[in-house]
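A.B. asks: Below are the structure tokens for one structure; questions will follow.
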């Protein structure tokens with residue numbers, strides 16, 4: 001319980017009163033740097049890569065990955081690849097659980113200028129759990145165009161998949177129990193970087209992603 | 001939000017939320033594939049006891065873009081023309097499993113009765129009742145106003161997201177007496193922080209208007225010149241609600257047009273940024289001249305497009321999320337659930 005969670009006005013999530021910090025700022029930075037390298041390695045460069053963050057916390061993560069991809073490209077003067085652009089993909093209207101939760105606010109979908117046709121789309125989300133958000137994201141993408149391939153990057157994979165979905169790039173595998181809650185807090189939205197596991201049922205009505 | 005019956009039921013935060021949702025809906029409508037799977041398997045019934053083209057088509061388009069099944073029910077050619085009551089019609093829709101009922105009725109209060117009489121579990125959307133309310137029209141007008149005047153129109157659909165209409169001045173001109181559009185707009189635009197001036201001949205101003213949160217003027221030229229409105233909303237002269245040829249509300253159509261019509265001369269008085277609105281259908285040559293209706297400042301066609309986005313937002317907000325499944329039986333039609341919960 002060595003966390004130091006402060007409340008500030010920018011926070012959009014409840015401040016955890018209890019919980020264990022499993023990743024701190026440094027670990028999150030390192031994980032994202034490694035994921036960026038893996039994206040370059042897997043796709044042999046970033047020529048056709050487009051990163052799409054899933055709101056809310058996938059969006060800043062996608063932008064951070066673009067920063068790292070840019071830094072990686074700068075160390076390789078031979079690379080002529082354009083910088084991979086980032087966008088936002090809201091999946092709310094594609095979810096299969098719209099009737100089981102309080103009405104969800106619809107987020108913004110914003111594709112980079114080139115769209116997704118023929119590109120390699122890397123979906124970016126904070127926590128991978130049941131896989132249902134990614135199922136919705138795949139449907140959303142198919143309405144927006146026809147990418148050459150879709151890959152999945154997630155900061156935390158907590159297991160308990162309910163669909164045949166598997167991430168390509170994982171920041172950290174985090175074995176959890178169904179009843180625990182995993183919260184990702186990012187400086188852009190919450191004022192600090194941390195991944196926190198909270199014990200069972202502190203806020204039972206709030207949905208997980 | 002379980003039903004949408006009156007624009008006056010919305011708080012400022014709720015209204016802004018509907019408009020923000022509409023902005024995201026509008027953004028999806030510029031895509032190649034406009035259809036979203038959001039309301040798959042849900043049934044929306046358009047229950048129209050009064051003629052309507054654009055409102056019915058707009059709701060039908062909105063529901064279909066969200067993948068809901070749409071059943072159109074118009075009083076003409078249905079059992080209503082054989083004398084079926086509103087209650088029996090409602091019970092029939094309930095038996096068919098309607099999830100939302102969009103109702104237009106010539107009697108003020110009919111949607112309220114449908115929502116609260118306990119006949120239906122469905123969400124009820126008022127698409128115009130008598131001379132009472134037409135909340136989705138007010139929402140689409142507010143959306144159009146916000147997009148042009150509270151944001152950067154170059155941003156397109158998402159212009160003005162999060163904003164209200166604080167400080168804007170809107171002139172609503174014409175047949176206020178018969179206009180549910182005017183009533184809904186006075187309530188909603190005022191809630192959103194705008195200042196509304198109604199302009200009409202004294203015969204077309206309703207009794208009790210002094211209790212409305214707006215100003216009333218009988219002089220259009222003075223209002224346009226001195227009030228410098230940010231938007232001018234022309235209302236249709238509802239001749240079908242007047243007895244015959246004006247019904248004694250004004251001496252002649254020509255005189256009405258001279259005193260209260262928007263023409264090229266009056267258009268020239270307006271500030272540069274002022275937009276011209278009309279809920280449609282227009283009586284060209286009566287309340288609005290062709291020059292005004294077709295001028296670049298007229299956003300009348302855009303209002304129709306925005307209507308689809310706003311109705312998509314309303315259907316989304318009413319049909320998703322957990323709602324209390326048991327209807328609240330209310331015996332009198334004057335009690336609003338919002339008040340009961342307050």
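The values are calculated or read from the model by the stated rules, or taken from the named source; none is laboratory data. The structure presented is a predicted model; accordingly, all values stated were derived computationally and were not measured. Glycine gets a Cβ as well: all are built from the backbone with ideal geometry, and neighbour counts include every protein chain shown.
A.B. asks: In the range B:94-106, is there at least one residue being in contact with a helix residue (DSSP H, G or I) (Cβ under 6 Å, 6 or more places away or on another chain) and over 30 Å from residue A:143 (Cα atoms)?
C.D. replies: yes
A.B. asks: Inspect the range A:91-100 for any residue being away from chain B (no Cβ under 11 Å) and free of Cβ contacts under 8 Å to residues at least 40 places away in the same chain and give the result as yes or no.
C.D. replies: No: zero hits.
A.B. asks: Being closer than 30 Å to residue B:2 by Cα, away from chain B (no Cβ under 14 Å) and crowded, with 16+ Cβ neighbours inside 10 Å is true for just one of A:54, A:106, A:39. Which residue is that?
C.D. replies: On the way: A:106 fails: away from chain B (no Cβ under 14 Å); A:39 fails: closer than 30 Å to residue B:2 by Cα.
Step by step, each of A:54, A:106, A:39 is checked, and only A:54 is closer than 30 Å to residue B:2 by Cα, away from chain B (no Cβ under 14 Å) and crowded, with 16+ Cβ neighbours inside 10 Å.
A.B. asks: Modelled with pLDDT of 95 or more, in a loop (DSSP other than H, G, I, E, B) and under 14 Å from the mean Cα position of the chain (by Cα): is that true of residue A:147 in this structure? Full working, then the answer.
C.D. replies: On the way: modelled with pLDDT of 95 or more: yes; in a loop (DSSP other than H, G, I, E, B): yes; under 14 Å from the mean Cα position of the chain (by Cα): no.
Answer is no for this residue.
A.B. asks: Limited to the range B:244-284, what total is found for residues that are at negative phi and without any contact (Cβ under 8 Å) to a residue 60 or more places away in the chain? Let's see the steps before the verdict.
C.D. replies: Step one: list which residues in the range B:244-284 are at negative phi, which gives B:244, B:249-279, B:281-284.
Narrowing further to those that are without any contact (Cβ under 8 Å) to a residue 60 or more places away in the chain: B:244, B:250-259, B:261, B:263-272, B:274, B:276, B:278, B:282-284.
Count: 28.
A.B. asks: Might you let me know whether the range B:84-93 holds any residue that is away from chain A (no Cβ under 12 Å) and on the phi > 0 side of the Ramachandran plot? I'd like the intermediate steps shown before the answer.
C.D. replies: Start the filter on the range B:84-93 by keeping residues that are away from chain A (no Cβ under 12 Å), which leaves B:84-93.
Then drop every residue that is not on the phi > 0 side of the Ramachandran plot, which leaves none.
The answer is no, given that none of the residues of the range B:84-93 is away from chain A (no Cβ under 12 Å) and on the phi > 0 side of the Ramachandran plot.
A.B. asks: When the range A:150-177 is examined, which residues are found to be on the phi < 0 side of the Ramachandran plot, assigned to a loop (DSSP other than H, G, I, E, B) and in contact with a strand residue (DSSP E or B) (Cβ under 9 Å, 6 or more places away or on another chain)? Please lay out each step first, then the result.
C.D. replies: Within the range A:150-177, the first condition is being on the phi < 0 side of the Ramachandran plot, and the residues that meet it are A:150-158, A:161-177.
Adding the requirement that they be assigned to a loop (DSSP other than H, G, I, E, B) leaves A:158, A:161-168, A:174-177.
Of everything in the range A:150-177, those that are on the phi < 0 side of the Ramachandran plot, assigned to a loop (DSSP other than H, G, I, E, B) and in contact with a strand residue (DSSP E or B) (Cβ under 9 Å, 6 or more places away or on another chain) turn out to be A:158, A:161, A:165, A:166, A:167, A:168, A:174, A:176.
A.B. asks: If you check residue B:88 against the conditions, is it in contact with a strand residue (DSSP E or B) (Cβ under 6 Å, 6 or more places away or on another chain) and either under 24 Å from residue B:142 (Cα atoms) or surrounded by fewer than 22 Cβ atoms within 10 Å (Cβ to Cβ) (or both)?
C.D. replies: On the way: in contact with a strand residue (DSSP E or B) (Cβ under 6 Å, 6 or more places away or on another chain): no; either under 24 Å from residue B:142 (Cα atoms) or surrounded by fewer than 22 Cβ atoms within 10 Å (Cβ to Cβ) (or both): yes.
Taking the combined requirement at face value, the residue does not satisfy it.
A.B. asks: Let me ask another. Go through the residues of the range B:65-73 one by one and say whether even a single one is part of a helix (DSSP H, G or I) and closer than 30 Å to residue A:143 by Cβ. Reasoning before the result, please.
C.D. replies: Step one: filter the range B:65-73 for residues part of a helix (DSSP H, G or I), giving B:65.
Filter once more, keeping what is closer than 30 Å to residue A:143 by Cβ: B:65.
Scanning the range B:65-73, I find at least one residue that is part of a helix (DSSP H, G or I) and closer than 30 Å to residue A:143 by Cβ, so the answer is yes.
A.B. asks: Given the condition in a helix (DSSP H, G or I), outside the structural domain of residue B:286 (by TED's automatic domain parsing) and over 21 Å from residue B:234 (Cα atoms), answer yes or no: does some residue in the range B:116-133 qualify?
C.D. replies: Restricting attention to the range B:116-133, the residues satisfying the condition of being in a helix (DSSP H, G or I) are B:116.
Imposing the further condition that a residue be outside the structural domain of residue B:286 (by TED's automatic domain parsing) reduces the set to B:116.
Now restrict to residues that are over 21 Å from residue B:234 (Cα atoms): B:116.
For the range B:116-133, residues in a helix (DSSP H, G or I), outside the structural domain of residue B:286 (by TED's automatic domain parsing) and over 21 Å from residue B:234 (Cα atoms): present.
A.B. asks: Within the range A:147-155, identify whether any single residue is under 14 Å from residue A:89 (Cα atoms) and within 14 Å of another protein chain (Cβ to nearest Cβ), and answer yes or no.
C.D. replies: No, the range A:147-155 has no match at all.
A.B. asks: Still on this structure: Please specify each residue of the range B:3-51 satisfying the condition of being surrounded by fewer than 16 Cβ atoms within 10 Å (Cβ to Cβ), part of a loop (DSSP other than H, G, I, E, B) and touching a residue at least 40 places away in the same chain (Cβ under 8 Å).
C.D. replies: Across the range B:3-51, the qualifying residues are B:11, B:30.
A.B. asks: Now for a separate question. Scan B:38, B:43, B:55, B:21 and give me the residue that is under 28 Å from residue B:161 (Cβ atoms) and in contact with a strand residue (DSSP E or B) (Cβ under 7 Å, 6 or more places away or on another chain).
C.D. replies: Details: B:38 fails: in contact with a strand residue (DSSP E or B) (Cβ under 7 Å, 6 or more places away or on another chain); B:43 fails: under 28 Å from residue B:161 (Cβ atoms); B:21 fails: in contact with a strand residue (DSSP E or B) (Cβ under 7 Å, 6 or more places away or on another chain).
Result: B:55 is the single residue among B:38, B:43, B:55, B:21 that is under 28 Å from residue B:161 (Cβ atoms) and in contact with a strand residue (DSSP E or B) (Cβ under 7 Å, 6 or more places away or on another chain).
A.B. asks: Could you tell me whether residue A:124 is away from chain B (no Cβ under 14 Å) and on the phi < 0 side of the Ramachandran plot? Walk me through it before giving the result.
C.D. replies: Values: away from chain B (no Cβ under 14 Å): yes; on the phi < 0 side of the Ramachandran plot: yes.
Yes.
A.B. asks: Of the numbered conditions (1) touching a helix residue (DSSP H, G or I) at 6+ places or on another chain (Cβ under 7 Å); (2) over 21 Å from residue B:126 (Cβ atoms), residue B:187 fails exactly one; give the number of that condition.
C.D. replies: (2)
A.B. asks: Right, next: In the range B:52-69, how many residues are touching a helix residue (DSSP H, G or I) at 6+ places or on another chain (Cβ under 7 Å) and surrounded by fewer than 17 Cβ atoms within 10 Å (Cβ to Cβ)?
C.D. replies: 1
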